[in-house]
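Some notes on the structure that comes next.
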Amino acid sequence: MASKRKTRRPRARHPMQPIVVTPDGVHRFKQNAIVWYMLDAGRRAGLFDLNTIATHVPAFSREDHEQLAQLTGYSVSGACDLSYMSDAVCNAALAESGRIRAARARAKGSRRKGAR
């Protein structure tokens, strides 16, 4: 009888947060209100903040830090400067940001044409 070998499932990647544009035109990852509330509560209580988590908690993976930055609403340009942000996520976010800019420019141009 052949022995059964346990195979490890490949670890699923975290999804990328959608990109949103703030009223002042900054492209950001969509913030998760619950995550932001918990982080703010930890900061106000003097327990932790993003810098503490990034520098003093080595147990978290690079992917988890990357996801946390997205969930807290980091700007796309700022997130791409983080040492733990992968090139794959940064490039995908920059590409999505470019698509949003292009769509807004097309919409703005069509509004001008219609206003004539």
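Observations, loosely collected:
- Residue within region 104-114 that is of a type in the set (A, V, I, L, M, F, W, C), in a loop (DSSP other than H, G, I, E, B) and surrounded by fewer than 17 Cβ atoms within 10 Å (Cβ to Cβ) present: no
- Selection within region 49-95 - in contact (Cβ under 8 Å) with a residue 40 or more places away in the chain, part of a helix (DSSP H, G or I) and hydroxyl-bearing (S, T, Y): S77
- Those residues of region 53-80 which are among the hydroxyl-bearing types (S, T, Y), surrounded by 13 or more Cβ atoms within 10 Å (Cβ to Cβ) and farther than 20 Å from N91 by Cβ, in sequence order: T72
- Some residue of region 14-33 being under 30 Å from A103 (Cβ atoms), within 14 Å of the chain's Cα centre (by Cα), in a helix (DSSP H, G or I) and at pLDDT 95 or above: yes
- Unmet requirement for G46, which otherwise passes all of (1) surrounded by 12 or more Cβ atoms within 10 Å (Cβ to Cβ); (2) modelled with pLDDT of 90 or more: (1)
- Residue match in region 34-48 (condition: closer than 21 Å to C90 by Cβ, under 17 Å from the mean Cα position of the chain (by Cα) and assigned to a strand (DSSP E or B)): no
The values are calculated or read from the model by the stated rules, or taken from the named source; none is laboratory data. The structure presented is a predicted model; accordingly, all values stated were derived computationally and were not measured. Positions of Cβ are backbone-derived with ideal geometry, glycine not excepted, and every protein chain shown enters the neighbour counts.
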